[in-house]
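Down below is the structure, laid out as structure tokens.
The values are calculated or read from the model by the stated rules, or taken from the named source; none is laboratory data. Computed from a predicted structure; not experimentally measured. With ideal geometry, Cβ positions are generated from the backbone for all residues, glycine too; neighbour counts draw on all protein chains shown.
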């Protein structure tokens, strides 16, 4: 893929994320794409499973906003930094909603080929997210 094609792919990714369109996001991935995700508890393969990961976020946090920052491209490898914010009003991971907001930095690592994402790995502080929304408690320091 050319740099321009990769930039266009990730423009579509950002627009689908802003629209909370899990199906559109999944369509940007290859049929055999592997996504490693703390939300899924490990790796998932295929568009249906990947759409479910995105839908988990959009359902749990109906006001979710992803602010995308740097897009770094090195051949077929892509890194995208973002800040994710939202409020747990939909019940994240099937738990009762807490009504608490969160804000986390996130780094996405991707591999692309043939106009699609073939590997995706979001990296973020999953435990910190759960603490912010009140699912996990910490001891005061």
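For region 56-81, the set of residues classified as within 12 Å of the chain's Cα centre (by Cα) and under 26 Å from residue 7 (Cβ atoms) consists of 57, 58, 64, 65, 66, 67, 68, 80, 81, listed by residue number. Evaluation of residue 37 against the conditions (1) modelled with pLDDT of 95 or more; (2) under 11 Å from the mean Cα position of the chain (by Cα); (3) surrounded by 15 or more Cβ atoms within 10 Å (Cβ to Cβ) shows that the sole unmet condition is (1).
Considering region 28-141, the qualifying strands (runs of 3 or more DSSP E), each wholly inside and each with 3 or more residues that are touching a residue at least 12 places away in the same chain (Cβ under 8 Å) and at negative phi, run over 29-37, 65-74, 77-87, 101-113, 116-123. A single member of 27, 76, 81 is surrounded by fewer than 20 Cβ atoms within 10 Å (Cβ to Cβ), at pLDDT 95 or above and closer than 14 Å to residue 119 by Cβ, and it is 76.
Among the criteria (1) crowded, with 18+ Cβ neighbours inside 10 Å; (2) within 14 Å of the chain's Cα centre (by Cα); (3) farther than 21 Å from residue 126 by Cβ; (4) touching a residue at least 40 places away in the same chain (Cβ under 8 Å), the one residue 18 does not fulfil is (1). Kindly indicate whether residue 68 is touching a strand residue (DSSP E or B) at 6+ places or on another chain (Cβ under 6 Å) and surrounded by 15 or more Cβ atoms within 10 Å (Cβ to Cβ). So residue 68 fits the description; yes. Got at least one residue in region 76-84 being touching a helix residue (DSSP H, G or I) at 6+ places or on another chain (Cβ under 6 Å) and within 19 Å of residue 131 (Cβ to Cβ)? Checked region 76-84: no residue is touching a helix residue (DSSP H, G or I) at 6+ places or on another chain (Cβ under 6 Å) and within 19 Å of residue 131 (Cβ to Cβ).
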